[in-house]
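Scroll down for the structure; my scribbles are underneath it.
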Number of protein chains: 2
Amino acid sequence: MAVIECVPNISEGRRGDVIDGIAEALRQVPGLAVLDVQSDAAHNRSVFTLAGDADALTRGVPLLFERSLAAIDLRTHKGEHPRMGAVDVVPFIPIEGVTMKECVELAKTIAADVAQRFSLPLFLYEEASSNPARKNLEDIRRGEFEGLAAKMSQAGWAPDFGPAQPHPSGGASVIGARMPLIAYNINLNTNRLDVAKKIATAIRMSSGGLRFVKAMGIPLEDRGIVQVSMNLTNYEKTPIFRVFDLVKREAERYGVSVLESEIVGLVPSAALQQCAEYYLQLEGFSGAQVLEQKLRTRREA
Amino acid sequence: MAVIECVPNISEGRRGDVIDGIAEALRQVPGLAVLDVQSDAAHNRSVFTLAGDADALTRGVPLLFERSLAAIDLRTHKGEHPRMGAVDVVPFIPIEGVTMKECVELAKTIAADVAQRFSLPLFLYEEASSNPARKNLEDIRRGEFEGLAAKMSQAGWAPDFGPAQPHPSGGASVIGARMPLIAYNINLNTNRLDVAKKIATAIRMSSGGLRFVKAMGIPLEDRGIVQVSMNLTNYEKTPIFRVFDLVKREAERYGVSVLESEIVGLVPSAALQQCAEYYLQLEGFSGAQVLEQKLRTRREA
């Protein structure tokens, strides 16, 4: 039984009836779980967290496009968050019993279907991207809805699927596959912000550190301590334990110790198992040995 | 949604039709999963691994008693494994969303029901035990079926439920609640068996070590190394990481390092999460943050 997470972001965060209507329609799709819906009025944007297998998502995601395109008109849309489409971005995320490759295929299949059904341009991004210049969401979305027609007329900006011009009210959408993000913070037993900033610089990809780490040093004023605040963008290749051990080692350089760490929000079970395997030097361990996983597999067979 | 594991041991390991018939009957019980059936002809014994909530087990376990009592006659039963009943022992094990106390209550409820329905004496053991002298299975079963009538006539050996004499063909059964066992081994980078044995002695409860550890030192002849082979009988109170760290520290005393460790068979997800929390110094972490757990909760809601 495959579990794929899908986190569509739509350009509507104010009209509760529209957002609830879409959530309710998705809940009717067999096998599709609506785990969470977060709306932000200032951003005028909502984020749906869905989960299911490829079949459930193949049924549910086009429904989300249909409803969103019918209800949202970007020609009159205002909001703080950058956006290019009524359905702005749709990532597929492998969770269990499914490969990244399969998520990429799913993104492409759904993109082709949606582009054809709704005459909507679709751009592939992240792991599904066909072009290094179009891998990052920010690069694709630069210019937003208002600059989209001009951008799409430039060389290199034909969409991966659908018409060569924006959808009049729905713009264009970005769709693809990526690993789950883990929001991970390490608190240091010091109030020295310079230490947290130096550690963040040392460990993050952008300044020479680990490939799948974004990091910054921030103060936790009320506690009188500092934090290395991170996003881990691929826990399989840059595991939590390696980040923890490296931050701990760098902190020692300044005579500082690690007070504690924290995971904010959800984390895949495999990311925690990885830590147990590493620190316990576990050989030959498989996720199939986890009792709950065995139970789940049996029940759904 | 509660998940309780139940591992009944019955005194039949040879007649495939009897064993299959019982498994098939259990599979028909709504909500009950038959995860595994292991039969041993020399022991003349079978071990069923079941999982479900209290309702499913309240329906399934009496069915297992009914079928086993109808098919097994201990007056003619031979086998290497000690046994006292046609259904010999039935432990209930809390896995998820359920307390030990609830498993104890479930064991008592089912014991009372089964004792009444089948005129069978039932002894409570482990966490369900009402008497320290009757906590260990071995103490209750000593004398086996053949010595049961004499034993039950002694002071202190009246059953917890049911008649004061053995069931003519089915003897008596032991029922109760316990934590899941984890079979955990640590391999040492040495061929010195004395070191493995000294470490086993140092860390196991019986000779002064950790409360919920059984351990022995054994050679792995084909690899030319030694192993500290363990059963962890309560991972909540004696966690895997504490055992690992203590063995590692004891090994250093002899100039020996830990090569690797291994978990044999199934392990509850919480036992691995515990290790990640410990080594990463994770504060404020909850199992509800594990994505798969959230998914499972939603789906079954």
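The values are calculated or read from the model by the stated rules, or taken from the named source; none is laboratory data. Here the structure is a predicted model, which is why all the values come from computation and not from measurement. All Cβ positions, glycine included, derive from the backbone under ideal geometry; neighbour counts span all protein chains shown. These area figures cover heavy atoms from the full protein model, side chains too; ligands, DNA and RNA do not enter into them. Shrake-Rupley method; radii C 1.70, N 1.55, O 1.52, S 1.80 Å.
Some points to look at:
- Pairs of alpha carbons in chain B whose separation is greater than 25 Å (percent): 55
- Positive-end extreme of charge dipole, the protein assembly as shown - chosen from A:Leu295, A:Thr190, B:Pro132 (charges on Cβ): A:Thr190
- Shielding by partners for peptide A:282-288, expressed as the average number of C-beta atoms from other protein chains within 10 Å of each residue's C-beta, is 4.
- Note on the protein assembly as shown: with charges restricted to the Cβ of Lys and Arg (+1) and Asp and Glu (-1), its dipole about the Cα centre is near 880 debye.
- Helix-only [θ]222 nm of chain B, DSSP H runs n ≥ 4, -39500 (n - 2.57) each, per residue, nearest 500: -10500 deg cm²/dmol
- Our summary gives the stretch B:3-109 a relative contact order of 38 percent, counting only alpha carbon pairs under 8 angstrom and 6 or more residues apart.
- Each peptide in A:72-80, A:279-287, A:3-11 gets a packing score, the mean of other Cβ atoms within 10 Å over its residues, and the list from highest to lowest is A:3-11, A:279-287, A:72-80.
- Solvent-accessible area buried by B and A, counting both chains, probe 1.4 angstrom, square angstrom: 4200
- Rounded to the nearest 20, the Cβ-based charge dipole of chain A about its Cα centre (Lys and Arg +1, Asp and Glu -1) stands at 580 debye.
- Ligands, DNA and RNA left out, the 1.4 Å accessible surface of the protein assembly as shown is 49% carbon and sulfur atoms.
- Here's the picture: charge each Lys and Arg Cβ at +1 and each Asp and Glu Cβ at -1 in chain A, and of A:Thr49, A:Ala164, A:Ala107 the one pushed furthest to the positive end of that dipole is A:Ala164.
- Pairwise centroid distance, computed over Cα atoms, of the stretch B:152-196 with the stretch B:243-284, Å: 26
- For residues of B:256-266, the mean tally of beta carbons on other chains within 10 Å: 4
- Peptide A:43-51 has a mean shielding of 1, counted as Cβ atoms of other protein chains within 10 Å of each residue's Cβ.
- J(HN,Hα) series, the stretch A:22-38, from Karplus relation 6.51 cos²θ - 1.76 cosθ + 1.60, nearest Hz, glycine and proline x: 5, 4, 5, 4, 5, 5, 7, 7, x, x, 9, 9, 9, 7, 6, 9, 10
- Helix B:291-300 vs. chain B, principal-axis angle (Cα, 0 to 90°, nearest 10): 20
- Shortest-first distances to equivalent copies, position A:Arg249, nm, label 7 Å out along Cβ: 2.4
- Estimated distance in nm for a label pair at A:Ser207 and B:Ala112, the labels positioned 7 Å out from Cα along Cα-to-Cβ: 6.7
- Restricting attention to chain A, lysine pairs at least eight places apart or on different chains and with alpha-carbon atoms under 23 angstrom apart total 15.
- Computed about its Cα centre, the charge dipole of the stretch B:28-81 is approximately 200 debye, with only Lys, Arg, Asp and Glu carrying charge at their Cβ.
- Other-chain or far-sequence residues with amide H under 5 Å of B:Phe161's (modelled H): B:Leu122
- Over the stretch B:1-140, accessible surface divided per residue gives 40 Å², non-protein components excluded, 1.4 Å probe.
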